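Read the structure below first, then the notes.
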């Protein structure tokens, strides 16, 4: 099972119409673009998918539409997380897992649990889930870090947790996990700019934001890394690095939605409390896209 989630996963956006309702046609086109471009799996209802501003009916409709559109061509991962362990367990029990291959569950935010609390949180979530669980450590959003010791305890003792999406940007922490983890436990980059160095340490792939717009290019970079062809990987990394930084400069997923809008793929629409990026950054990203379109990124 963990092999299915090596390589490039994409944390896909949820497109909205200008009126604020879900734009399913753009959603379908975006899914097809990812699959045709060679990504390995798709993550729905993550942070990038603005899951926290979707109501229960919208979440269910989005999952059903995603599963039907993907139609088994690539693995499907669905975000089910939060800071209320019992509520997460309840959501999992009410979710149909037909066509869902794994759960991505963000570390509890706001209430800042101790390591012991994090361990039992994930142990209980994993026990309730009929699909394997990938932890998501993102201290910049949750205000708490899953340290290496806690991650390794979970990795060795909770069999239904198959990996961690690491977005701490702490490469020493990632190295400590990789050094002592079980062989089949995945360490997945959750931050596009540090994907190359994390893979050099022995990581297994990425759940990417920039791949929404450049799935073939980013997938090729990841594949080069996994094949130890780091000279080729660096070439793509440095062509994308400024754009990777720019799409987070005024908030995410505001940045990636602006980039996708510039590329003509989705409307530049978000739900409050998120708003569009500032006009100056939008113009800067637009210029970067023009340069990217003229450059040779992929090997022919």
Taking the stretch 207-241 and the residues there that are within 14 Å of the chain's Cα centre (by Cα) and in a helix (DSSP H, G or I), the one that is surrounded by the fewest Cβ atoms within 10 Å (Cβ to Cβ) would be 215
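Residue under question is residue 49, and the condition is that it be in contact (Cβ under 8 Å) with a residue 24 or more places away in the chain, within 30 Å of residue 200 (Cβ to Cβ), crowded, with 22+ Cβ neighbours inside 10 Å and out of contact with any strand residue (DSSP E or B) (no Cβ under 6 Å at 6 or more places or on another chain); does it hold?
Details: in contact (Cβ under 8 Å) with a residue 24 or more places away in the chain: yes; within 30 Å of residue 200 (Cβ to Cβ): yes; crowded, with 22+ Cβ neighbours inside 10 Å: yes; out of contact with any strand residue (DSSP E or B) (no Cβ under 6 Å at 6 or more places or on another chain): yes.
Answer is yes for this residue.
Quick one: would you say residue 19 is assigned to a loop (DSSP other than H, G, I, E, B), over 19 Å from residue 209 (Cβ atoms) and either out of contact with any helix residue (DSSP H, G or I) (no Cβ under 7 Å at 6 or more places or on another chain) or touching a residue at least 24 places away in the same chain (Cβ under 8 Å) (or both)?
Yes; evaluated as a whole, the condition is true for this residue.
Quick check on residue 171: is it surrounded by 17 or more Cβ atoms within 10 Å (Cβ to Cβ) and more than 19 Å from residue 3 (Cβ to Cβ)?
Values: surrounded by 17 or more Cβ atoms within 10 Å (Cβ to Cβ): no; more than 19 Å from residue 3 (Cβ to Cβ): yes.
Spelling it out, it is not the case that residue 171 is surrounded by 17 or more Cβ atoms within 10 Å (Cβ to Cβ) and more than 19 Å from residue 3 (Cβ to Cβ).
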Given (1) touching a strand residue (DSSP E or B) at 6+ places or on another chain (Cβ under 9 Å); (2) within 19 Å of residue 111 (Cα to Cα); (3) buried (at least 17 other Cβ atoms within 10 Å of the Cβ), residue 177 misses just (2)
#### Entry: Boolean, residue 286 is more than 23 Å from residue 20 (Cβ to Cβ) and either modelled with pLDDT of 95 or more or crowded, with 16+ Cβ neighbours inside 10 Å (or both)
yes
inquiry  = Condition check: out of contact with any helix residue (DSSP H, G or I) (no Cβ under 8 Å at 6 or more places or on another chain), within 30 Å of residue 26 (Cα to Cα) and modelled with pLDDT of 95 or more. Does residue 253 satisfy that?
reply    = yes
Filtering the stretch 61-88 for residues that are crowded, with 16+ Cβ neighbours inside 10 Å and either within 28 Å of residue 142 (Cα to Cα) or touching a residue at least 60 places away in the same chain (Cβ under 8 Å) (or both) leaves a count of 14
Checked the stretch 113-141 for anything under 17 Å from residue 151 (Cβ atoms), under 22 Å from the mean Cα position of the chain (by Cα) and not in a helix (DSSP H, G or I); matches are 132, 133, 134, 135, 136, 137, 138
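The values are calculated or read from the model by the stated rules, or taken from the named source; none is laboratory data. Bear in mind the structure is a predicted one, so any value in this text is a computation, not a measurement. Neighbour counts run over all protein chains shown; Cβ positions are idealised from the backbone, glycine included.
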